[in-house]
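The values are calculated or read from the model by the stated rules, or taken from the named source; none is laboratory data. Quick caveat: nothing in here was measured; it's all calculated off a predicted structure. Every residue, glycine among them, receives a Cβ derived from its backbone with ideal geometry; neighbour counts consider all protein chains shown. Each accessible area value is taken on the protein alone, full model and side chains, heavy atoms only, with ligands, DNA and RNA left out. Shrake-Rupley method; radii C 1.70, N 1.55, O 1.52, S 1.80 Å.
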Amino acid sequence: MTHRPFDEHLHRFPQPGSRPHPTAHPPGPWGATAEPDPAQIDPAVLGALLDRHGWRRRGGAAGRYTRWTPPGPVAGGTSLLVPESRAFPDCEDLIGEALTALARSAAPSARDVLVGLTVPSDEIRWLRDIPQGPSGTVSWTAQEQLRSAARQMLLAGALAARGRAGYYGARHRRQAQALLEGVLVGPAPGGRSLTAFVPVQTGRAVAVRLAHALQATREAIDYRRAAGGMEAFDTAVQAGVSRELTEAVIALVRGSEGARITLDWSPAAGVPQGCAARMEPVEFSAGDLPALREAGARYLQEEPSVPVRITGTVVRMRRSGPRGPGTVRLRVLAGAEVPHVRVALDEDSYRTAGHAHLVGMPIRLIGRLESRGGFRRLTDASGVTPVPVDEAERDRLMKSLQENLDFFGEAGDEED
């Protein structure tokens, strides 16, 4: 059987680059205000963000305020005065002036500081070592590859935050995508790097799990090179390593001379438990690709099938003739964290499933969710039983039947 790419449905989840900048639009789904409120800004957090993004401290009045200038030669001579604490009498005014100066600054890092203040976030950065074109640019294809790999990596972290597995397939995908709803993106000039701002409130578990998983991946590759065994990849699953993550790292490194991922914790939220205050960058190179491919294949092959008891609504039926066994596609309501499954049924069970749908009832059955094909197929199905539902749900199911006149197929097989 041909395995589908693990990211075949990624186009459905909101891409990090699709959300508007919080400083330029009304409140968004991340709960941020249009601009940072000076009354709510901790001067220590502002200073930490400026330092993180390369701003230079130029002195100031000791015990009262510090002066910061942007990194590199920036036109306009932007200079910020940041009070040492909120005990300073004009603290709010100084912070307000600093925010205005940041909003007007030509320094790209000024925007990143504003995002960190508006939406307390853990910052994940990807940097690919690729040849540059005129004026430091890169090709459109290289930029798309970077964004796609970063998106895959965030999804792998979100999947690991839901539960540990060597291969997820379609499992947990909707829930993982929901964890990424508020992620913001800040591309750096030139297209060689990308920064994701993962809101602490909704996404810290994703950032923590991804940090541990990347470190475990690096250690497992090093062990594979030194000892020749894959045992480290087996134990790395508990740290969040999966086929989805190895595929994301491969996508990031492929076509480059190497890639580096860094993670900085939100200074407003502090360091999460069990993590170092400063996470060391994790680097991968083209020489790591064979081990990553071997690990991905190993995860795919060894992830076991899962016994389940599923309740679902029939959305399509197929068989080669008017009688005999057939294949049913179910929209899963309960029993498995996948949106749909396909199941082969004998003639009696197929007839039961068809009757249940015609009267607006889901069915319940047991079987094994197979890893082959991405956990989209149920095998050894038995015990097909209609499940009573209330009138409102019955009416909705009947309406669905009327709107899908091609519900019963004659031959062939549908795509998942």
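Give me the accessible area of Asp129, 1.4 Å probe, in Å² rounded to the nearest 10.
About 70 Å², ignoring ligands and nucleic acids.
So what is log10(I(q)/I(0)) for segment 144-211 at q = 0.28 1/Å, when the Debye sum runs over its Cα atoms only?
-1.29
Per residue, how much space in cubic angstrom lies within the convex hull of the C-alpha atoms of segment 204-356? Walk me through the numbers before you get to the answer.
Working: hull volume 28.1 nm³, N = 153.
Normalising the Cα hull of segment 204-356 by residue number yields 183 Å³.
Cβ neighbours within 10 Å, averaged per peptide: list 152-163, 308-319 in order, most packed at the top. Display every interim value, and only then the final one.
Details: 152-163: 24.7, 308-319: 19.3.
Answer by packing, highest mean first, reads 152-163, 308-319.
With N set to the number of residues, divide the alpha-carbon radius of gyration of segment 275-350 by 2.2 N^0.38 Å and report two decimals.
1.86
Scaled to the compact-protein estimate 2.2 N^0.38 Å, what is the alpha-carbon radius of gyration of segment 90-130, rounded to two decimal places? Present the calculation step by step, with values, prior to reporting the outcome.
Numbers: Rg = 13.3 Å, N = 41, 2.2 N^0.38 = 9.0 Å.
Ratio of Rg to 2.2 N^0.38 Å for segment 90-130: 1.47.
With label points built 7 Å along Cα→Cβ from the Cα atoms of Val315 and Val359, find their separation and express it in nm.
2.4
Counting other Cβ atoms within 10 Å, keep those with at most 16, restrict to DSSP loop, and tell me which GluC sites (Glu not before Pro) in segment 244-299 are left. Mind showing how you got there, number by number?
Values: sites: Glu244, Glu247, Glu257, Glu283, Glu294; in loops: Glu257.
Of the GluC sites (Glu not before Pro), the ones in loops of segment 244-299 whose Cβ has at most 16 other Cβ atoms within 10 Å are Glu257.
Applying a 10 Å radius around every beta-carbon, put 229-235, 352-358 in order of their mean neighbour count, most first. Intermediate values should be presented prior to the final figure.
On the way: 229-235: 15.9, 352-358: 18.6.
Peptide ranking by packing, descending: 352-358, 229-235.
Determine how large the accessible area of Cys275 is when every protein chain is in place; take a 1.4 Å probe and give Å² rounded to the nearest 10.
20
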